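What follows is a set of notes on a single structure, which appears directly below.
The values are calculated or read from the model by the stated rules, or taken from the named source; none is laboratory data. For clarity, every value in this text was computed on a predicted model and none was experimentally measured. Cβ: placed from backbone, ideal geometry, glycine included. Neighbour counts: every protein chain shown. Only protein heavy atoms, including side chains, enter the accessible area calculation; ligands, DNA and RNA are left aside. Shrake-Rupley method; radii C 1.70, N 1.55, O 1.52, S 1.80 Å.
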Amino acid sequence: MLIDFLFELRRHKLDVSTHEWMALMEAMALGLHESSLDGFYRLARSICVKDVTDFDAFDLAFSSYFKGIEVDALALAEELWTWLKDPKKFAGLTPEQRRALEALDLEALRELFKKRLEEQKKRHDGGNRWIGTGGRSPFGHGGFHPTGLRIGGPGGGRSAMQVAGQRRYRAYRKDMILDVRQIDVALRGLRQLGREGAEDELDLDETVDETCRNAGELELIFRPPRRNRVKLILLMDVGGSMDPHAELASRLFTAASRAGRFASFRSYYFHNCVYESVYEDAHFRRPVSVSDLLSGTDRDHKLVLVGDALMHPSELLHAGGSIYYHHQNRTPGIEWLRRIANHFRRLAWLNPEPRQYWPHTTIEIIASLIPMWPLTLDGLGEAVRYLIRGGRAPLVEPVVPIDPGY
Amino acid sequence: MTHFDRFQGTETYIASDDLRHAVNVAVALERPLLLRGEPGTGKTLLAENVAHTLEVELIRWHIKSTTKARDGLYIYDTVARLHDSRFGDGDVKDISRYIELGPLGKALSSPRRVVLLIDEIDKADIEFPNDLLLELDAMRFRIDETGQDITAAHRPVVIITSNNEKELPDAFLRRCIFHYIEFPDRQLMSRIVRVHHPDLAEKVLDQCLDVFYGLREVPRLRKPPSTSELIDWILALKKSGVSLARIGGGIPFLGTLLKTEQDMASVVKRGLA
């Protein structure tokens, strides 16, 4: 039955709804598929897929359903998962078993990995911390080679982690997907409306009142339209440990910088930790000293910092601790952060690192200074609420002195 | 049911098979067609040609960042009414005289079927598409001031263009037929150029396409030249009478193909111009 195709599509992560499926059925009843597989392909794709980046997934689903290719992607992933969890056990296989496994359709496997690779990219974009921090993953690629499966080609050893990352992702999925639109919606809360500026909106009630008072002589009253009065400064950490989160940060930037959203919007960059200067560009060529920045902005600006706040403790706590060899900062980073925190009435730090990695790192120290939320949909929403309404900043455990040797 | 396969492209508009199919599906299912593709691949032109093929009127609605969904339905001109009440012109009791229909309102109240183009929908406020859901679904709306309900006698063919469908809400996307206009390959492109410049010699066309696709392959161009730029460029070459044989030496009128200084620089650096 064709309904299986719907589930095949959904298995490939294509979010096809009943609404769309009914439309497809209706179209087929009208004969729009021209009774050909080609026609059906085009028809189904134009109705069910609304994003170019999903076309490939659609192709996979289509070929696996219609050509009878037995790529049971899920089962295969499950198998790999089991091997990865325990490579040693696998080493104990009999030669027959091993041969059987090696005879696994390499093409199919390759296809699967290609797909994983893509998904990996997406997760990366989504800000999942698993990419690029291989050292912390319980599943190195070492777990993969003992299987004796020759899958050197696509992605090489990284594949093992990617598959592992795939499973990991499911657990986080809900709070990890943050696309521009969602950020947009969350940022919509970041507004304080007020009537300021040019008077170019007709105030109908006032006009009627005034006209009456004027004994019927028409008196038009204009008022400025309601505009957002929030002035926002975005301060972003770029480079180094922030690389895996670059895409996520840039989405936030895209949404925040959209024209007309805030009364004023400025953005600056820093690397690793804030010292004397921040920069107007992400290449650190146009410095602005923090003192100038602070004296030039009033306390009612909302400051949002984005960064992983993850660094070596000396980079934060010691004078001269800057990550740049030639940069001798006389004042430790923490002091600069404190000055910034004291200047603004409301500020928030958004951290792409998941909350469970915060304790016992520099994140904890900074979070005790600047109210910090994870850069997830929930976190962003709470940060926005705090920036507008105030209230209590998230609780942070009292800072325990960190052993500098760590 | 409308006769399927009515849209086949026109003499001046060459459509790929996929695009033709998508248009015909949207027309038959009476659902909006959402088009995406690089700028300059003829998204807007398509609407004109669909209207031409179906022999119906085309109503355009160009979206700006300040466009409100309601403006598309109607505008109630209070100032004019107040003005009239003061100076006694016309019948101010008749509110409908001060209601001016917007593009969508016109499309829905038209006695005949029309093609409605909603151009660059992603430019509008984030809630804009959601505000249109009901109107596009039910194809009817209500003018609050007069209490008048308007229901479309014929569901208009709605063509929506967007440069970024990711920012459109799911609920909206679900109601659309989606088509991504791929960049034309060489073969299709030479057909497209032929339509605009039928008298171009085969060899010259070949040279032009060589240069054109060569430019598109330059990495990291901010705005790679598109179909419309190619056509303009060939027009400039023809009008100026610059010998097309010179193309081998350097690219004349590079400014018609590349639109940013940076792109120019990177092309010059690679010795292409």
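Please work out which residue is farthest from the other protein chains (Cβ to nearest Cβ), limiting yourself to the stretch A:1-29 and to residues that are outside any helix (DSSP H, G or I), of a type outside the set (D, E) and closer than 18 Å to B:D170 by Cβ.
In this case the residue turns out to be A:H12.
Looking at (1) open to solvent by less than 40 Å² (accessible area, probe 1.4 Å); (2) part of a loop (DSSP other than H, G, I, E, B), which is the one condition that is false for A:R45?
For A:R45, the failing item is (2).
Is it the case, given these coordinates, that A:G240 is within 14 Å of another protein chain (Cβ to nearest Cβ), out of contact with any strand residue (DSSP E or B) (no Cβ under 9 Å at 6 or more places or on another chain) and among the small types (G, A, S)?
no
Can you tell me which residue is farthest from the other protein chains (Cβ to nearest Cβ) among those in the stretch B:202-230 that are farther than 24 Å from B:G9 by Cα and assigned to a loop (DSSP other than H, G, I, E, B)?
Taking the candidates together, the pick is B:V218.
Step by step: first the residues of the stretch B:123-177, then only those that are modelled with pLDDT under 85, within 14 Å of B:A69 (Cβ to Cβ) and charged (D, E, K, R), then the one that is most open to solvent (accessible area, probe 1.4 Å). Which residue is that?
Looking at the filtered set, the residue picked out is B:K123.
Got at least one residue in the stretch A:385-404 being among the acidic types (D, E), at negative phi, at pLDDT below 85 and surrounded by 15 or more Cβ atoms within 10 Å (Cβ to Cβ)?
Within the stretch A:385-404, not a single residue is among the acidic types (D, E), at negative phi, at pLDDT below 85 and surrounded by 15 or more Cβ atoms within 10 Å (Cβ to Cβ).
Run B:I181 past the list (1) within 14 Å of chain A (Cβ to nearest Cβ); (2) surrounded by fewer than 20 Cβ atoms within 10 Å (Cβ to Cβ); (3) under 24 Å from A:Y41 (Cβ atoms); (4) in contact with a helix residue (DSSP H, G or I) (Cβ under 8 Å, 6 or more places away or on another chain) and report the number of the one that doesn't hold.
(2)
Residue pairs, Cβ under 7 Å, 6 or more apart or interchain, first in the stretch A:30-51 and more than 8 Å from chain B (Cβ to nearest Cβ) and more than 16 Å from B:L29 (Cα to Cα), second open to solvent by less than 30 Å² (accessible area, probe 1.4 Å) and at pLDDT below 85. List them.
Pairs that qualify, where the first residue is more than 8 Å from chain B (Cβ to nearest Cβ) and more than 16 Å from B:L29 (Cα to Cα) and the partner is open to solvent by less than 30 Å² (accessible area, probe 1.4 Å) and at pLDDT below 85, are A:Y41/A:F62.
Tell me which helices (runs of 4 or more DSSP H) are completely within the stretch B:1-110 and hold 2 or more residues being within 11 Å of chain A (Cβ to nearest Cβ), or say none if there are none.
Because the criterion is at least 2 residues that are within 11 Å of chain A (Cβ to nearest Cβ), the helices (runs of 4 or more DSSP H) in the stretch B:1-110 that meet it are B:17-29, B:78-87.
When you check B:A171 against the structure, is it in contact (Cβ under 8 Å) with a residue 40 or more places away in the chain, within 10 Å of chain A (Cβ to nearest Cβ) and among the aliphatic types (A, V, I, L, M), yes or no?
For B:A171, the condition - in contact (Cβ under 8 Å) with a residue 40 or more places away in the chain, within 10 Å of chain A (Cβ to nearest Cβ) and among the aliphatic types (A, V, I, L, M) - is met.
Kindly list, by first and then second residue, each pair from a residue in the stretch B:110-131 that is among the hydroxyl-bearing types (S, T, Y) to a residue that is not in a loop (DSSP other than H, G, I, E, B), limited to pairs with Cβ atoms under 9 Å and residues at least 6 apart or on different chains.
Partner pairs satisfying both residue conditions: B:S110/B:E57; B:S110/B:I59.
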